[in-house]
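The values are calculated or read from the model by the stated rules, or taken from the named source; none is laboratory data. All figures in this text were calculated on a predicted structure; none of them were measured in a lab. Here the Cβ positions follow ideal geometry from the backbone for every residue, glycine too, while neighbour counts run over all protein chains shown. Ligands, DNA and RNA are stripped out before the accessible areas are found, and what is left, the full protein with its side chains, is counted by its heavy atoms. Shrake-Rupley method; radii C 1.70, N 1.55, O 1.52, S 1.80 Å.
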Amino acid sequence: MEARRVRDYQFYVWDHVALALHVENDQVLKLDFKKPEDFLTYCEKDDVTYRFEFQNLDEANELVKKWPEWLGALKVERPLQMHYPVTELKLVLTGSCGEETSSTGNTLSGKQAFYSSGLDSVEMKLDNLEVKIINTPEFSELTTKEEIKKTLNYIRLSGPALHVFLLVISLKNITADLIRTTVQRFESIFQNKALRRTMILFTHQDQTEPDIQEIMQKVQQFLTEKVGNRCLVFNNRLEDRDPQRVSDLLREVKKILGGE
């Protein structure tokens, strides 16, 4: 992506985000990202001339500490789009087991919407939200760049813009190593930045919620580093669907997006 100065305009709008760019005459600002709405934040106007290219925000923050009259890090507010209430969103179901993601999608929607693993979606209204649920192929089917690109494009081109990944991990035969491996596989497919919008659903199909505290203690630091410890135990048996649990899940999703 390249941004050039156009007449006297200093704002470039992409989706729901405005980019405020300070570019000297005849200079080109190169930004190495594809989805700016994932991490753009507001920063105060400054008279500094930008002459560097950065790989990440940490590199930029290290440089501005050397500027005269430096007041703090570039990041001073949450992303601009997070100032607005969440009224519509996408829930993207992913995981190593297609049967588990399909069952979770059916339970969330309250009907038999998904029958197998694969790219598919359903739209509905849940808790006054316009929700689109997208089911993706299980990880074993995403082994080529073409399949991964097809999946990412499907997610990107499906409205609405705001989305959260629900990484589904079955509690059947669960181990700490399995949790680590699944999260790392997710990261390799969807990249590190997707983890900022990811919640892990530990799914089961029993009336009694399993006790997984012992396992969670073993991976707590790992999950905190990867997904901010955003995890929820969820009964994904359609016949046992609990509307309150679905509402609780949506409430946690909105917290990830900053809408609550």
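Miscellaneous remarks
- Here the accessible area of the stretch 131-260 is 45 percent carbon and sulfur, with a 1.4 angstrom probe and all protein chains present.
- Length-normalised contact order of the stretch 89-153 in % [C-alpha pairs under 8 Å, at least 6 apart]: 37 percent
- Annotation: amide H-H contacts under 5 Å for Asp120 (H modelled 1.01 Å from N, sequence separation of 5 or more, or interchain): Asn135.
- The stretch 111-156 and the stretch 199-260 have Cα centres lying 19 Å from one another.
- About the centre of its Cα atoms, the stretch 126-260 shows a dipole size close to 660 debye [charges on the beta carbon of Lys, Arg (+1) and Asp, Glu (-1) only; nearest 20 debye].
- Listed peptides 147-159, 189-201 appear in the order 189-201, 147-159 once ranked by packing, highest mean of other Cβ atoms within 10 Å at the front.
- Amide H contacts of Leu126 (H built 1.01 Å from N, in plane; Pro and chain starts excluded): Val131 sit under 5 Å, all sequence-distant by 5 or more or on other chains.
- Lysine pairs within the stretch 155-260, Cα separation less than 19 Å, 8 or more sequence positions apart or different chains: 7
- Each residue of the stretch 216-226 was assigned a 3J(HN,Hα) from its phi angle through the Karplus curve 6.51 cos²θ - 1.76 cosθ + 1.60 (θ = phi - 60°); the sequence is 4, 5, 6, 10, 4, 5, 4, 5, 5, 5, 7 Hz, with glycine and proline shown as x.
- With protein chains left intact and a 1.4 Å probe, residues in the stretch 109-243 average 54 Å² of accessible area per residue.
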